[in-house]
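Enquirer: Here's a structure for you.
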Amino acid sequence: LRRQIMELLMQGGWLVEGTDPMDGIARIDAQCTEGDTAYSDVYHQIYALRDFHRSGHWSEVLRVMEQVIGEEVLPHPQKIARLWFPQYTAHTTPMHQDFVHFQVSIETYTLWGPVGDCPIELGGLAVLPGSHKIGQVREHHFSLGAGGLAVDEEDLAGTWLSTNYEAGDALIFPSLTVHQALPNYTEDRLRVSLDNRYQARDRPIAQHMLQPHLQGISGFTWEQCYTGWEDEELQYYWKDLGLEVVPMSTQ
């Protein structure tokens, strides 16, 4: 999966020509982020990779998530890749709770994983242990970075934890856990990671979580995503599950 992603990033002009795509050596002059046309153009090529979507359905992952949740799980259709340039720290994902983004069910879990080794200086994820125990959604405000929402640091207490992640590692946490990305302080390496979300299949889900990521910005559709796929196993897999779908809240 990393090779497929990195080769598309090379073709999209994000990586330095003549380098091994697997090394992720970024072109600093190609810096862009979510919301930029240059980002969406390359991002949705990656989004159309069948193996990218398959990652949310790996049998090993589903077994773990069913143990965590205690019920048959639904992998959210809206998978997410995070592609972060070095020397672009103003756009680092801010501290936040995921619930404000996917809404509806507090008992929804995120599984974050690096696509390749991710030492601390590359900008892995950091969490505030026990922050979900408050049992409520904190006040968020606008911020730069993925998601565009953040909580105020002065409202938080505790010690942030992170680590040097390796390929194959996964970090699982509930929707109320406060977390953030660390800045990518490397000189020239691009960080790639995945966000997959899971909930019990019999819980309601917000309608926008059934759409492709960044669909509201670029208009990218599932039909475009599935173009060229050789089978239909993962296409619209949620439509025949009898899900309770509720509108997205704008409050």
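The values are calculated or read from the model by the stated rules, or taken from the named source; none is laboratory data. None of the values given here were measured: they were computed from a predicted structure. Ideal geometry is used to build each Cβ from the backbone, glycine not excepted, and the neighbour counts take in all protein chains shown.
Enquirer: Are any of the residues in region 15-37 more than 20 Å from Ala150 (Cα to Cα), β-branched (Val, Ile, Thr) and in contact with a Lys or Arg (Cβ under 6 Å, 6 or more places away or on another chain)?
Expert: Yes, region 15-37 contains a residue that is more than 20 Å from Ala150 (Cα to Cα), β-branched (Val, Ile, Thr) and in contact with a Lys or Arg (Cβ under 6 Å, 6 or more places away or on another chain).
Enquirer: Let me ask something else. Got at least one residue in region 144-161 being within 30 Å of Leu15 (Cβ to Cβ), surrounded by fewer than 20 Cβ atoms within 10 Å (Cβ to Cβ), at pLDDT 95 or above and not β-branched (Val, Ile, Thr)?
Expert: no
Enquirer: Here is a follow-up. Which numbered condition in (1) more than 18 Å from Gln103 (Cβ to Cβ); (2) surrounded by 13 or more Cβ atoms within 10 Å (Cβ to Cβ); (3) at pLDDT 95 or above is the only one that Gln180 fails?
Expert: All conditions are met except number (3).
Enquirer: Quick one: Glu107 ticks every box in (1) of a type outside the set (Gly, Ala, Ser); (2) touching a helix residue (DSSP H, G or I) at 6+ places or on another chain (Cβ under 8 Å); (3) at pLDDT 95 or above; (4) surrounded by fewer than 19 Cβ atoms within 10 Å (Cβ to Cβ) bar one, so which box is it?
Expert: Among (1) of a type outside the set (Gly, Ala, Ser); (2) touching a helix residue (DSSP H, G or I) at 6+ places or on another chain (Cβ under 8 Å); (3) at pLDDT 95 or above; (4) surrounded by fewer than 19 Cβ atoms within 10 Å (Cβ to Cβ), the lone unmet condition for Glu107 is (3).
Enquirer: Could you tell me how many of the residues in region 201-230 are touching a residue at least 60 places away in the same chain (Cβ under 8 Å), over 21 Å from Gln45 (Cα atoms), surrounded by fewer than 17 Cβ atoms within 10 Å (Cβ to Cβ) and not charged (D, E, K, R)?
Expert: Summing the residues that are touching a residue at least 60 places away in the same chain (Cβ under 8 Å), over 21 Å from Gln45 (Cα atoms), surrounded by fewer than 17 Cβ atoms within 10 Å (Cβ to Cβ) and not charged (D, E, K, R) in region 201-230 gives 1.
Enquirer: Confirm whether Gln97 is at pLDDT 95 or above, among the polar types (S, T, N, Q) and under 28 Å from Pro204 (Cβ atoms).
Expert: no
This table checks each residue for (1) without any contact (Cβ under 8 Å) to a residue 24 or more places away in the chain; (2) not aliphatic (A, V, I, L, M).
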{"residue": "Leu1", "(1), (2)": "no, no"}
{"residue": "Gln4", "(1), (2)": "no, yes"}
{"residue": "Met10", "(1), (2)": "yes, no"}
{"residue": "Leu15", "(1), (2)": "no, no"}
{"residue": "Ile25", "(1), (2)": "no, no"}
{"residue": "Cys32", "(1), (2)": "no, yes"}
{"residue": "Ala38", "(1), (2)": "yes, no"}
{"residue": "Tyr43", "(1), (2)": "no, yes"}
{"residue": "Ile46", "(1), (2)": "no, no"}
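Enquirer: How about region 188-243: which of its residues are aliphatic (A, V, I, L, M) and under 25 Å from Leu171 (Cα atoms)?
Expert: Listed by number, the residues that qualify are Leu190, Val192, Leu194, Ala200, Ile205, Ala206, Met209, Leu210, Leu214, Leu234.
Enquirer: Just one of Gln215, Gln224, Gln211, Gln235 is more than 16 Å from Gln103 (Cα to Cα), under 19 Å from the mean Cα position of the chain (by Cα) and not small (Gly, Ala, Ser); which is it?
Expert: Every option except Gln215 fails the conditions.
Enquirer: Identify all residues within region 184-197 that are part of a loop (DSSP other than H, G, I, E, B) and buried (at least 19 other Cβ atoms within 10 Å of the Cβ); write none if there are none.
Expert: Of everything in region 184-197, those that are part of a loop (DSSP other than H, G, I, E, B) and buried (at least 19 other Cβ atoms within 10 Å of the Cβ) turn out to be Asn184, Leu190.
Results for (1) modelled with pLDDT under 95; (2) in a loop (DSSP other than H, G, I, E, B); (3) within 10 Å of Pro77 (Cβ to Cβ); (4) in contact with a helix residue (DSSP H, G or I) (Cβ under 9 Å, 6 or more places away or on another chain), shown as yes or no for each residue.
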| position | (1), (2), (3), (4) |
| --- | --- |
| Gln199 | no, no, no, yes |
| Ile217 | yes, no, no, yes |
| Gly228 | yes, yes, no, yes |
| Asp231 | no, yes, no, yes |
| Tyr236 | no, yes, yes, yes |
| Leu241 | no, yes, no, no |
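Enquirer: Out of all the residues in region 210-251, which are touching a Ser or Thr at 6+ places or on another chain (Cβ under 8 Å) and aliphatic (A, V, I, L, M)?
Expert: Listed by number, the residues that qualify are Leu214, Ile217.
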